[in-house]
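Okay, here's the structure, questions in a sec.
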Amino acid sequence: MTPFVFFAVLTAAFLHAVWNALVKGGEDKRLNMAGVVIGHLPIAVPMLAFVPAPDPASYPYLLAGIALHFGYQCFLLESYKIGDLTQVYPIARGVAPLLVAIVSLMFLGVDLSGMEIVAVVTIAAGILSISLVRGADGLRNGRATAMALTTGCFIASYSLVDGLGARVAGTALGFYAWLGIANAILFVVFMAATTPQVLRDLPIKGKRIFFVGGAASFVAFSIVMWAFTQAPIALVTALREISIIFALLIGVLLMGERLSLGKVVSTMITLLGVALLRASR
């Protein structure tokens with residue numbers, strides 16, 4: 001992974017933490033999630049005039065990606081309703097890079113060096129350890145843990161599909177522009193069928209999340225999509241998941257959350273993995 005790709009993915013991780021913090025911090029989680037997903041449209045639609053269309057060979061990946069992103073968003077939305085997410089959601093973020101690495105090594109023929117494998121495992125361990133920082137209450141909640149593990153499977157699945165699809169498409173930005181538009185339309189239909197009040201409230205109560213959260217999310221995913229074409233998907237996925245560290249910093253500095261010794265240790269383990277990844281090859 002070149003230095004430019006490395007720091008681009010770090011930027012994406014920060015933007016990912018920003019939109020997650022906006023969703024988590026608001027009272028109406030459905031409104032916030034709708035704002036983020038539908039908020040892709042103001043950037044994705046104009047982008048079509050400036051990027052090439054994806055190769056038709058990538059259409060199966062595009063359809064699969066739309067379904068997987070939608071599933072991820074639905075499970076993420078439900079996860080945000082279950083108690084203290086800092087105990088449960090890190091499970092999803094930590095499991096994803098491990099699953100992507102295993103699939104990449106076993107089925108995709110990806111060649112990772114020993115240090116890269118150690119780096120991925122260290123990052124995942126650091127993220128997973130965050131779920132243990134404030135006790136095991138979240139882990140005793142079987143439904144919450146199952147939700148987190150399922151979310152992690154969706155994250156791993158769409159990461160692999162997005163990465164392979166962007167490569168086949170021949171245009172990472174064109175591929176994600178179409179994916180983002182289709183995903184937003186699907187989410188509008190879903191909200192209209194389940195919670196139509198959300199769509200009515202969005203232009204009034206959801207302006208900030210629509211423009212700020214939507215832009216942050218779209219740019220973050222676009223950067224990662226491009227990075228998938230420049231470096232092994234497993235390494236990009238692992239590095240992206242340090243967004244949980246940025247989220248912790250946002251929580252402590254801007255949302256008044258307490259910074260415990262356990263969180264510091266978990267953060268240092270994760271950052272050690274990042275350093276190993278940067279030093280590899």
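Conditions (1) crowded, with 23+ Cβ neighbours inside 10 Å; (2) modelled with pLDDT under 80; (3) assigned to a loop (DSSP other than H, G, I, E, B), marked per residue:
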{"site": "ILE223", "(1), (2), (3)": "yes, no, no"}
{"site": "ALA227", "(1), (2), (3)": "yes, no, no"}
{"site": "ALA234", "(1), (2), (3)": "yes, no, no"}
{"site": "GLU257", "(1), (2), (3)": "no, yes, yes"}
{"site": "THR267", "(1), (2), (3)": "no, no, no"}
{"site": "THR270", "(1), (2), (3)": "yes, no, no"}
{"site": "ARG278", "(1), (2), (3)": "no, no, no"}
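Also, quick follow-up: Run SER159 past the list (1) under 23 Å from ILE38 (Cα atoms); (2) surrounded by fewer than 18 Cβ atoms within 10 Å (Cβ to Cβ) and report the number of the one that doesn't hold.
With respect to (1) under 23 Å from ILE38 (Cα atoms); (2) surrounded by fewer than 18 Cβ atoms within 10 Å (Cβ to Cβ), SER159 is out only on (2).
Does at least one position in the range 181-197 carry a residue that is within 17 Å of PHE7 (Cβ to Cβ) and outside any helix (DSSP H, G or I)?
No, because not a single residue in the range 181-197 is within 17 Å of PHE7 (Cβ to Cβ) and outside any helix (DSSP H, G or I).
Quick check on VAL9: is it crowded, with 23+ Cβ neighbours inside 10 Å and of a type in the set (Val, Ile, Thr)?
The answer is yes for VAL9.
So is ARG200 part of a helix (DSSP H, G or I) and closer than 14 Å to ASN32 by Cβ or not?
Here the answer is no, as ARG200 does not meet what is asked.
Another question about this same structure. Quick test for you: out of LEU253, LEU248, pick the one residue that is over 21 Å from the mean Cα position of the chain (by Cα), modelled with pLDDT under 95, part of a helix (DSSP H, G or I) and under 29 Å from ASN32 (Cα atoms).
Numbers: LEU248 fails: over 21 Å from the mean Cα position of the chain (by Cα).
It is LEU253.
(1) part of a loop (DSSP other than H, G, I, E, B); (2) under 18 Å from the mean Cα position of the chain (by Cα): which one isn't true of ALA49, the others all being true?
Looking at each condition in turn, ALA49 falls short on (2).
The values are calculated or read from the model by the stated rules, or taken from the named source; none is laboratory data. From a predicted model like this one, the values you see are computed outputs, not experimental measurements. Cβ atoms come from the backbone with ideal geometry, glycine included; neighbour counts cover every protein chain shown.
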